[in-house]
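Undergrad: Mind having a look at this structure? Questions to follow.
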Amino acid sequence: MGTLTSCSFMPLNSEFRSNPVRRAFRERIQCHKLTRLRGTSCFFSRVRVPKWGKLKHANSSIRRCFGTNDNDSDKDNVGAVEESGADDSKSNVTTTMPEEERGFSSEKSTPPSTSHRSSLSSLGPAYNTFQVDSFKLIELLGPEKVDPADVKLIKDKLFGYSTFWVTKEEPFGDLGEGILFLGNLRGNREDVFAKLQNLLVEVTGDKYNLFMVEEPNSESPDPRGGPRVSFGLLRKEVSDPGPTTLWQYVIALLLFLLTIGSSVELGIASQINRLPPEVVKYFTDPDVVEAPDMELLFPFVDSALPLAYGVLGVLLFHEVGHFLAAFPKQVKLSIPFFIPNITLGSFGAITQFKSILPDRSTKVDISLAGPFAGAVLSFSMFAVGLLLSSNPDTTGDLVQVPSLLFQGSLLLGLISRATLGYAAMHAATVSIHPLVIAGWCGLTIQAFNMLPVGCLDGGRAIQGAFGKNALVGFGLTTYTLLGLGVLGGPLSLPWGLYVLLCQRAPEKPCLNDVTEAGTWRKALVAVAIFLVVLTLVPVGDELAEELGIGLVTAF
């Protein structure tokens, strides 16, 4: 929702159809700022505009013109809505008169030109007064468009033979609230963009954001190499991300508390061989309806805390990685919204950008920093846990887990097989240290968040390294593999639903959304996606039997 700054009078053609409820009224209406004419009177009502969303100018006013014809006092004419930018002591008069009396034909009438043209110039057939006013109010409170006077100033001061020669203008933004300048580039795109940004601040101040994007539907590349570019202009109130609200802080706190609980629950579940039989039967046997006394789990909470600390530590390291990469680039991030999950302890966190990213390289760096930090800590715990699992002196600290657990990941199963040996892995249960479980869960969480889809870390990295079109292809492939259960095993369905509900939309473009991220960043992203696939691909029974990962019973 934009900030109200300007709204102007406009030509309005309205037609009311006859029916038993509505009065017969067919007359074209034109409002002009001039004088009273032919018995038509105009009244202004000043209405205080409330503060709503980003509607900051509370002292702005709405001027509403009601025309009354002497011949029929029951006929209502709807005027226009305009912000009062003039002195309150001055009186403006708006008149209405039929087009025929002004010398215009009904077919070739040309509305007077105006610098502020509204999208309501043609409302279509049959709207009553309330509907017309509703349309005007919706437009008034919607995203604020670029001031046409500023557009003319920007075209005169910024663009030209030495920078960018404008040949066409199109709407820009989600709702067409901005201006997209199309034309011919007259220099190195990075140098031209930097110059245009500096000139924009000098000409209009801190009022607009300028985006360099690929020209839509371009038929040929730029003669200097690379894609043809165009420049989009949006008001800062529209394009800048909004601040974090109080309710978001409250929700983030509640989600963090739930994540702590799910992490402790994971630690308790890892001690399944020690839990009371009635508790194990309740969670494993679907025929058991009566819940056991949960106080029986209290003695196991203390022993579950180390694993819970490990999972929470991985989550915090992940977020610290994002913030450390964003700080030098002066990019602001929101607080993390942790997503609890009873199988892994957590699905990670949703962290939003609270600044517009300067370029695609920054998007790749920030996106990779979180999973990289989390993966380093997770793999450290996983490796140390495997070493402790093979140490006879730590037998009392080990827990028994089904060997089928290691079939959930091709990469982690192979590493476990190489460390623990064939005899230990080719059994019904395997004795491992709790750090193995914490590291396994942490690596799985990082892998899920690096999937190349939506605004996950992997999706952002793909979008920054290879572009938005590449993200579409990667995203469709990822959804297909999740739907078939090829990635993530039993967690593929809940994770896919989570992405569809919360993370499916791609990230917004950077200010410089054209300059590529570089070869080494692309290679790093490609390697990361390859490792993600190896981590999330489960091991089939036949392959597991050959590799000695788990004990597979043949029927």
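The values are calculated or read from the model by the stated rules, or taken from the named source; none is laboratory data. What you see is a predicted model; the values in this text were computed from it and never measured. Note that each Cβ is placed from the backbone with ideal geometry, even for glycine, and that neighbours are counted across all protein chains shown. Surface accessibility is based on the protein's heavy atoms, side chains included, excluding ligands, DNA and RNA. Shrake-Rupley method; radii C 1.70, N 1.55, O 1.52, S 1.80 Å.
Undergrad: Counting only C-alpha contacts under 8 Å and six or more residues apart, can you give the relative contact order of the range 155-225 as a whole percent?
TA: It comes to 25 percent, rounded to a whole number.
Undergrad: Can I ask one more? Sort 360-367, 333-340 by the packing proxy (mean of other Cβ within 10 Å over each peptide's residues), most packed first.
TA: By packing density, highest mean first, the sequence is 360-367, 333-340.
Undergrad: Using Cα pairs under 8 angstrom and six or more residues apart, how large is the relative contact order of the range 332-383, in percent?
TA: For the range 332-383, the relative contact order is 27 percent.
Undergrad: Could you give the length gained on full extension between THR480 and LEU257, defined as 0.36 nm per residue of separation minus the Cα-Cα distance, in nm?
TA: 77.0 nm
Undergrad: Please report the carbon-and-sulfur percent of the accessible area for the range 428-555; probe 1.4 Å, protein heavy atoms only, DNA, RNA and ligands left out.
TA: Carbon and sulfur: 69 percent of the exposed surface of the range 428-555.
Undergrad: Counting only protein heavy atoms, what percent of the accessible surface of the range 256-409 is carbon or sulfur at a 1.4 Å probe?
TA: 68 percent
Undergrad: Moving on to the next point. Keeping all protein chains in the complex and leaving out DNA, RNA and ligands, what accessible area do you get for LYS168 with a 1.4 Å probe, in Å² to the nearest 10?
TA: Its heavy atoms expose roughly 110 Å² to the probe.
Undergrad: Let me ask something additional. Hey, if we sort CYS502, CYS510 by accessible area with the 1.4 Å probe, largest down, what's the order?
TA: So, going from the largest accessible area down, we get CYS502, CYS510.
Undergrad: Turning to a different aspect of this structure: How long is the gain from GLU290 to VAL384 if the chain were fully straight, where each residue apart is worth 0.36 nm and the alpha carbon distance is subtracted?
TA: Roughly 29.8 nm would be gained on extension.
Undergrad: Moving on. For the range 214-334, go through all pairs of different Cα atoms, get the mean of 1/r, take its inverse, and jot down that Kirkwood value in Å.
TA: 19.9 Å
Undergrad: Could you work out the equivalent-ellipsoid semi-axes for the range 420-487, taking the square root of 5 times each eigenvalue of the Cα gyration tensor, largest first, in whole Å?
TA: 34, 14, 9
Undergrad: If we count every other residue with Cβ under 14 angstrom of ARG417's Cβ, Lys/Arg +1 and Asp/Glu -1, where does the sum land?
TA: -2
Undergrad: Mind ordering 439-445, 515-521 by average Cβ neighbours within 10 Å, highest first?
TA: Highest-to-lowest ranking by the protection proxy: 439-445, 515-521.
Undergrad: Right, next: Could you tell me what fraction of 2.2 N^0.38 Å the Cα radius of gyration of the range 376-480 comes to, as a two-decimal ratio?
TA: Scaled against compact globular proteins, the figure is 1.33.
Undergrad: Taking Cα pairs under 8 Å and at least six residues apart, what relative contact order does the range 176-299 come out at, in percent?
TA: 21 percent
Undergrad: Now, a different point. In square angstrom, what is the accessible area per residue of the range 482-539 with a 1.4 angstrom probe?
TA: Roughly 51 Å² per residue, with all protein chains present.
Undergrad: Moving on. Residue by residue through the range 144-153, which ³J(HN,Hα) values in whole Hz follow from phi under the Karplus form 6.51 cos²θ - 1.76 cosθ + 1.60 (θ = phi - 60°), with glycine and proline marked x?
TA: So the J values, rounded to whole Hz, are 6, 8, 5, 5, x, 5, 5, 4, 5, 5.
Undergrad: Using a 1.4 Å probe, what is the accessible area per residue for the range 304-461, in Å²?
TA: 36 Å²
Undergrad: Separate question: Counting only other residues whose beta carbon sits under 12 Å from that of ALA373, what net charge do I get with K and R as +1, D and E as -1?
TA: -2
Undergrad: Sum up the charges of everything whose Cβ sits under 14 Å from the Cβ of ARG274, counting Lys and Arg as +1 and Asp and Glu as -1, but leave ARG274 out.
TA: After counting each charged neighbour, the total is -3.
Undergrad: Given labels modelled 7 Å from the Cα in the Cβ direction, how far is it in nm from LYS281 to ALA149?
TA: 8.2 nm
Undergrad: Now for a different question. As I understand it, the dipole of the range 296-453 uses +1 on the Cβ of Lys and Arg and -1 on the Cβ of Asp and Glu, about the Cα centre. Which of ALA383, LEU357, PRO299 lies farthest toward its positive end?
TA: Projecting each Cα onto the dipole axis, the largest value belongs to LEU357.
Undergrad: Any chance you could run the full-extension gain for LYS354 through VAL472? It's 0.36 nm times the residue separation minus the Cα-Cα distance, nm to one decimal.
TA: So the chain would gain 40.1 nm between LYS354 and VAL472.
Undergrad: Now for a different question. For HIS322, what accessible surface area do you get with a 1.4 Å probe? Give it in Å², rounded to 10.
TA: For HIS322, the solvent-accessible surface is approximately 10 Å².
Undergrad: At 1.4 Å probe size, with every protein chain present, just tell me what the per residue accessible area of the range 142-253 comes to in Å².
TA: Here the per-residue accessible area is 54 Å².
Undergrad: Among 231-237, 182-188, how do they line up from the highest to the lowest mean number of other beta-carbon atoms within 10 Å?
TA: 231-237, 182-188
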